[in-house]
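For reference, the structure is listed below as structure tokens.
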Amino acid sequence: MSSSRHIPLVTYVRRTLVARLAFMAAAIALGMAALAYMAEERMMAREVVVEAQIGIEELTDRTRELMVMDNLQPRAAFRKTLAELSAARPKRRNGKVVFAGFSMPGIEGAEEYLDRSFVLHQAVWDYVHSRSTPHAEAGEAWSRTTVIADLLCVHAVLPLGDSARNETGRAEIVFVPSPEILAAMNRKSLLTAGIVVLITLATTGLLYPVVLRLTDRLVAFSRNMQAANFETLSLLGCVVAKRDSDTDDHNYRVTLYALHTGAAMGLDADQMRALTKGAFLHDVGKIAIRDDILLKPGRLTREEFEIMKTHVRHGLDVIDRSTWLRDARDVVGGHHEKFDGEGYPGRLEGADIPLTARVFAVADVFDALTSRRPYKAPLSRAEALGILIRGRGRHFDPEVVDVFASMAKDLHERYAHKTGSDLKAELIDMSWRYFQADAETLV
Ligand SMILES: [Fe+2]
């Protein structure tokens, strides 16, 4: 049974809608923000690589310059460049080269420069010497971003060649972007992520009234449908009552007794809806029984009783014409079965009789016994309960009798003397919550 059974449907739908929209907006905003942040991080890494490439190009350009000007071999030229770098410690505005090395394929040893003023210089040194020099295709530069001691760095390799463009060595550097540029880039990433979150939330906020309006219309439509279905129940029950020279009161009262008993036994919303429909329509098949049998004041003959018993089959024929009424089948088809298997039409026994039919049977007999009919006076509550209790395990499910008996006084005092519109209002009030549970599947 729905936990929201006491909340008006429109309130329930709105609350559910708000909760789901908020959850979806938050999930989408977080997801989009994470994607935007990652995209910015990638762009940031690319920008750092560009900065590093500028740094290494300055280094290699100077080396080539020295090779030409001083007619030096690449290794000697690079050594001189490193000496200049060491002396000048040039810094780029956006970062600096903290390690530079020169090596020649097949020759042991390398010229290396380490900026010892850099606070993490030892970590950089360890990083460079903890792995072999990355392979770079001859004549092609290679670079990648890496993290050394939680700091974003660029590790790059650039081939150096002689005047004939033969690779005669390779330069390797580690470039560290400045804290300022890292902070600026981080701010940019966060700002982009924040803008994405705001756009997502604003879009959801703009869509909310539109979705709400559509949902309200859907709820109103659903309520109208439910009301029309409920009227169909009421109308069919009334038709049978008129045919049987009875009033609607029995239908309303027996349905209320059955619903209270079902609720006390923990039936779920589906079962309660089936019980409501079945209680209203249990005798709808009587419409097909001849007047001389249906309205006969005295005892029916054996043949007449056999015809009267067919009202169950006729009832099933009627409700099978409606998809919405089909769940009343258990009560309509099983309301004359008896717990000991002596009932009709299926001679079902015990738990083989649907629970809703067992609940209804107790409510139906109690109301029939305690109601005034043209041919009999009402029995007292105690007399009627005595009959039910004597029928425990024979006519009735013992558990249902026990539950009903525990509530019989309250139910009888509350409903026995009410009639017509009062009973109808009570029934609509009580049963709507179960039909509302059906409508709650809208959201
Ligand atoms: Fe019946």
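The values are calculated or read from the model by the stated rules, or taken from the named source; none is laboratory data. Being a predicted model, the structure only gives us computed values, none of them experimental. Here Cβ is always computed from backbone atoms with ideal geometry, including for glycine, and neighbour counts include all displayed protein chains. To get the accessible areas, we keep the full protein, side chains included, count just its heavy atoms, and leave off ligands, DNA and RNA. Shrake-Rupley method; radii C 1.70, N 1.55, O 1.52, S 1.80 Å.
Worth a mention:
- Of the residues making up the range 297-330, those that are closer than 29 Å to residue 228 by Cα, among the charged types (D, E, K, R) and part of a helix (DSSP H, G or I) are 313, 317, 326, 327, 329, 330.
- Filter pass, residue 431 being within 30 Å of residue 14 (Cα to Cα) and part of a helix (DSSP H, G or I): yes
- Residue within the range 212-223 that is surrounded by fewer than 13 Cβ atoms within 10 Å (Cβ to Cβ) and under 25 Å from residue 278 (Cα atoms) present: yes
- Taking the criterion of being within 16 Å of the ligand (Cβ to nearest atom) and either buried (at least 23 other Cβ atoms within 10 Å of the Cβ) or within 39 Å of the chain's Cα centre (by Cα) (or both), the residues of the range 241-265 that qualify are 251, 253, 254, 255, 257, 258.
- The residues of the range 362-417 that are under 44 Å from the mean Cα position of the chain (by Cα), more than 16 Å from the ligand (Cβ to nearest atom) and not in a helix (DSSP H, G or I) amount to a single one, 397.
- Count of the range 336-357 residues which are of a type in the set (A, V, I, L, M, F, W, C), assigned to a loop (DSSP other than H, G, I, E, B) and either touching a His at 6+ places or on another chain (Cβ under 8 Å) or over 15 Å from residue 401 (Cβ atoms) (or both): 2
- Selection from the range 266-311 of residues that are away from the ligand (no atom under 16 Å from the Cβ), open to solvent by 40 Å² or more (accessible area, probe 1.4 Å) and over 15 Å from residue 240 (Cβ atoms): 266, 268, 270, 271, 292, 297, 298, 299, 301, 302, 303
- Residue satisfying all of: in the range 33-86; open to solvent by 80 Å² or more (accessible area, probe 1.4 Å) and over 23 Å from residue 102 (Cβ atoms); modelled with the highest pLDDT among these: 35
- Count of residues meeting criterion [more than 11 Å from the ligand (Cβ to nearest atom) and either open to solvent by less than 10 Å² (accessible area, probe 1.4 Å) or not assigned by TED's automatic domain parsing to the domain that holds residue 386 (or both)] in the range 338-349: 1
- Residue 388 over 18 Å from residue 263 (Cβ atoms) and among the hydrophobic types (A, V, I, L, M, F, W, C): yes
- Considering residues of the range 350-361 that are without any contact (Cβ under 8 Å) to a residue 40 or more places away in the chain and open to solvent by 30 Å² or more (accessible area, probe 1.4 Å) only, the residue nearest to the ligand (Cβ to nearest atom): 354
- Looking at 244, 283, 291, just one residue is charged (D, E, K, R) and under 17 Å from residue 337 (Cβ atoms), and that residue is 283.
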